[in-house]
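Taking it in order: structure first as structure tokens, then the write-up.
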Amino acid sequence: MNFWETVDSEREYKNLSRKELAYRANFSLTSLSTGIKRNSVPAADVALRIAKVLGVSVEYLLTGVEPEASPRRTMPDVMQKYQKHRLLIDELDSLPPNVQESIGNMIREVKQACTESA
């Protein structure tokens, strides 16, 4: 994955539009689009601002892997799980908060029961 693919994956994971990312990182949408089109890595200060908005390191945006000291998982792990459960997540998000909480409690109880029986 290249820099911009990683940025887009993180941006989508955080439910940000490209326009919102550009605004929060104080980076023009035109420059962002040009960088994507040319597949060019932005200047270090811009990459750092983008990383801060996304809550990841610049190293992660460049390589797709966090430094070893970081507990964060690699992009493929996160994205595979997200893609696998995306429809379920969307359906859960559409439910009222009290129903979401009940479902969360039910999942935790099932998980605990499975752990105890193993």
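The values are calculated or read from the model by the stated rules, or taken from the named source; none is laboratory data. From a predicted model like this one, the values you see are computed outputs, not experimental measurements. Note: ideal-geometry Cβ built from the backbone for every residue, glycine included; neighbour counts use all protein chains shown. Ligands, DNA and RNA are stripped out before the accessible areas are found, and what is left, the full protein with its side chains, is counted by its heavy atoms. Shrake-Rupley method; radii C 1.70, N 1.55, O 1.52, S 1.80 Å.
As a summary of the residue check, SER70 satisfies the conditions (1) modelled with pLDDT under 85; (2) not in a loop (DSSP other than H, G, I, E, B) except for the one numbered (2).
Scanning the stretch 23-43 for residues that are in a loop (DSSP other than H, G, I, E, B), surrounded by fewer than 18 Cβ atoms within 10 Å (Cβ to Cβ) and on the phi < 0 side of the Ramachandran plot gives SER28, SER40, VAL41, ALA43.
Does GLU20 fit the bill of being surrounded by 12 or more Cβ atoms within 10 Å (Cβ to Cβ) and at pLDDT 90 or above?
Numbers: surrounded by 12 or more Cβ atoms within 10 Å (Cβ to Cβ): yes; at pLDDT 90 or above: yes.
Taking the combined requirement at face value, the residue satisfies it.
May I ask you to list the residues in the stretch 1-17 that are open to solvent by less than 60 Å² (accessible area, probe 1.4 Å) and of a type outside the set (A, V, I, L, M, F, W, C)?
Within the stretch 1-17, the first condition is being open to solvent by less than 60 Å² (accessible area, probe 1.4 Å), and the residues that meet it are 2-4, 6-11, 16-17.
Selection gives ASN2, THR6, ASP8, SER9, GLU10, ARG11, SER17.
Would you check which residues across the stretch 1-22 are within 16 Å of THR63 (Cβ to Cβ) and not in a helix (DSSP H, G or I) and list them? Working first, answer last.
Here is the first cut: in the stretch 1-22, the ones within 16 Å of THR63 (Cβ to Cβ) are 1-10.
Once the filter is applied, which keeps residues that are within 16 Å of THR63 (Cβ to Cβ) and not in a helix (DSSP H, G or I), the stretch 1-22 yields MET1, ASN2.
A Cβ distance below 9 Å, combined with a sequence gap of six or more or placement on separate chains, defines the contacts here; from the stretch 51-64, residues that are on the phi > 0 side of the Ramachandran plot and open to solvent by 20 Å² or more (accessible area, probe 1.4 Å) reach no residue that is assigned to a helix (DSSP H, G or I) and among the basic types (Lys, Arg).
Considering only residues that are among the β-branched types (Val, Ile, Thr) and at pLDDT below 85, which ones fall in the stretch 81-116? The answer is ILE89, THR115.
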